Amino acid sequence: MRCAALLALLGGQSLSPAQTAAPPSSSMQPASSVPAPRLAHLRRGINASGWFAQVYDKRGYTREHFQSWTTAEDIALIKSMGFDHVRLSVDPQPMMASRRPEEIPAEYLGYLDAAVKMILDRGLAVVIDLHPDGEFKTRLAKDDGFVQEFSDFWRVLARHYSIWDAERVFFEILNEPEMSDRYRWSGVQAKLAAAIREGAPQHTMIAAGARWSDDDDLVFIEPLRDPDVIYNFHFYEPHIFTHQGATWSSYFWHWVKGLHYPSSPESAAKVAASVPDTVDRLAVIRYGADHWDAARIDAEIIQVSEWARQRGVPVVCNEFGVYREYADPQDRAAWIRDVRTALERHGMGWTMWDYSGSFGVVTKKDGKNVPDEATLRALGLNRPPEK
């Protein structure tokens, strides 16, 4: 029944692995119980970054920031562009009192409630994605006591939202865990999931692999014993193209500018000539030799699809995108289109990174957020009519 319902909802598109899969390979792993209509709320989404996480203003998280960074007008625009859900990045650190994680500040929680309500009121679903910084995740990787604190915090937060619409409010356990020990992350994620389930028995969770939630991290893990879980991965492959010119992560990326997609040896060689270090130049040359194109992207995503099919679980991609500043706009749009169509071909919902940041689907014009038509076309969406 769920398969037929979701097929109707998706307008005849192929079903996700969760609905088409054979029984799980192990009797210890229950088949997915995520309702098909609930999963269908996560078909086309956008990340709301810089609102409740990754706030680098020296004043920190203030009322003025919460009320002005993303407004009701922005949420209305997101809806009008054709998105069906918002992944709301939330840094838990401002809400977690040291050794008293159950004491979430009422004022802060009120700001978060207002944001979630604003999204729901527009008919959108919302993923509450706990999105701390690297230092927080380093503690989780080393400190069992801190894992317990975080699980206690999650239990209380989940209990708070347990009375909210379970069909449209989802809990993402942790964004990009950054754990090099994949086995430790499996244990930590299981503990956090158990705490969330205790706090919110009816809501669906979203789980991920270790490190950066890449596709290779996801296919390493085995599903949680909880059947009401959607699995997610992030896709920025190849990073040398999607993050060209970026000043974070790999140092040499800031030398790489104007790298084309699809890749070719000739175009990559031109960019490589401006990269001073031999090893880094080789990385650029390899990008060209690997012939990254739609087929190469599909070859990656089909591995995730097969992993999910074999285990009988649903999977989504809740981050993908291209840093705007140095990528050719046509190449950027082509990459976004190829990833989006590959995900849809394999029945996976998606969430683009991000709404108004440096990867954004909107740009600023005369102080207003204006949809980028090329990006919307690449996403299979339409620019909303002018008011």
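The values are calculated or read from the model by the stated rules, or taken from the named source; none is laboratory data. Values in this document were obtained by computation on a predicted structure and should not be read as measured data. Quick reminder, even Gly has a Cβ in these numbers, built from the backbone with ideal geometry, and neighbours come from all protein chains shown. These accessible areas exclude ligands, DNA and RNA; they are computed on the full protein's heavy atoms, side chains included. Shrake-Rupley method; radii C 1.70, N 1.55, O 1.52, S 1.80 Å.
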- Task: Please work out if Ser263 is among the polar types (S, T, N, Q), modelled with pLDDT of 95 or more and more than 22 Å from Arg38 (Cα to Cα).
- Result: yes
- Answer yes or no as to whether Ala190 is in a helix (DSSP H, G or I), of a type in the set (A, V, I, L, M, F, W, C), modelled with pLDDT of 95 or more and open to solvent by 20 Å² or more (accessible area, probe 1.4 Å). yes
- Message: Show the residue pairs meeting these rules: Cβ distance below 7 Å; 6+ apart or different chains; first residue within segment 238-266 and touching a residue at least 24 places away in the same chain (Cβ under 8 Å); second residue crowded, with 22+ Cβ neighbours inside 10 Å and among the polar types (S, T, N, Q).
- Response: Val256/Gln244; Lys257/Gln244; Leu259/Gln244
- Would you mind stating whether Asp84 is among the acidic types (Asp, Glu) and under 18 Å from the mean Cα position of the chain (by Cα)? yes
- Item | Filter result (of a type in the set (S, T, N, Q) and open to solvent by less than 30 Å² (accessible area, probe 1.4 Å)) within segment 68-77 | Thr70
- Item | Residues of segment 288-306 that turn out to be open to solvent by less than 10 Å² (accessible area, probe 1.4 Å) and farther than 20 Å from Ala272 by Cα, as a count | 3
- Message: Can you pull out every residue in segment 338-369 that is modelled with pLDDT under 95 and of a type in the set (A, V, I, L, M, F, W, C)?
- Response: none
- Message: Let me confirm something: among Val127, Val169, Val156, which residue is out of contact with any Gly (no Cβ under 8 Å at 6 or more places or on another chain) and modelled with pLDDT of 95 or more?
- Response: Val169
- Message: Let me confirm something: among Leu124, Leu130, Leu42, which residue is of a type in the set (A, V, I, L, M), open to solvent by less than 30 Å² (accessible area, probe 1.4 Å), closer than 24 Å to Lys191 by Cα and in contact (Cβ under 8 Å) with a residue 24 or more places away in the chain?
- Response: Leu130
- Taking the stated definitions as given, is Glu198 within 30 Å of Phe153 (Cβ to Cβ) and touching a helix residue (DSSP H, G or I) at 6+ places or on another chain (Cβ under 7 Å)? yes
- Note on the structure: For Pro276, the lone unmet condition from (1) buried (at least 23 other Cβ atoms within 10 Å of the Cβ); (2) assigned to a loop (DSSP other than H, G, I, E, B) is (1)
- Task: For residues that are assigned to a loop (DSSP other than H, G, I, E, B) and open to solvent by less than 40 Å² (accessible area, probe 1.4 Å), scanning just segment 226-236, find the one that is farthest from Ala334 (Cα to Cα).
- Result: Asp226
- Query: Among the residues of segment 194-208, is there at least one that is open to solvent by 60 Å² or more (accessible area, probe 1.4 Å) and among the basic types (Lys, Arg)?
  - Reply: no
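Residue-by-condition table, conditions (1) assigned to a loop (DSSP other than H, G, I, E, B); (2) of a type in the set (S, T, N, Q); (3) buried (at least 18 other Cβ atoms within 10 Å of the Cβ):
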residue	(1), (2), (3)
Arg38	no, no, yes
Phe66	no, no, yes
Lys79	no, no, no
Val86	no, no, yes
Glu102	yes, no, no
- Counting only residues that are acidic (Asp, Glu) and without any contact (Cβ under 8 Å) to a residue 60 or more places away in the chain, which one in segment 74-109 is nearest to Leu174 (Cα to Cα)? Asp91
- Item | 2 or more residues out of contact with any Leu (no Cβ under 9 Å at 6 or more places or on another chain) and closer than 30 Å to Asp226 by Cβ: qualifying helices (runs of 4 or more DSSP H) within segment 287-387 | 294-311, 329-345
- Mind checking whether some residue in segment 248-265 is farther than 15 Å from Glu237 by Cα, among the aromatic types (Phe, Trp, Tyr) and open to solvent by less than 80 Å² (accessible area, probe 1.4 Å)? yes
- Kindly list, by first and then second residue, each pair from a residue in segment 351-375 that is under 18 Å from Cys317 (Cβ atoms) and among the aromatic types (Phe, Trp, Tyr) to a residue that is outside any strand (DSSP E or B) and open to solvent by 30 Å² or more (accessible area, probe 1.4 Å), limited to pairs with Cβ atoms under 7 Å and residues at least 6 apart or on different chains. Phe359/Arg324
- Which residues, counting only those in segment 110-141, are closer than 18 Å to Phe170 by Cβ and either charged (D, E, K, R) or in a helix (DSSP H, G or I) (or both)? Leu112, Asp113, Ala115, Val116, Lys117, Met118, Ile119, Leu120, Asp121, Arg122, Asp129
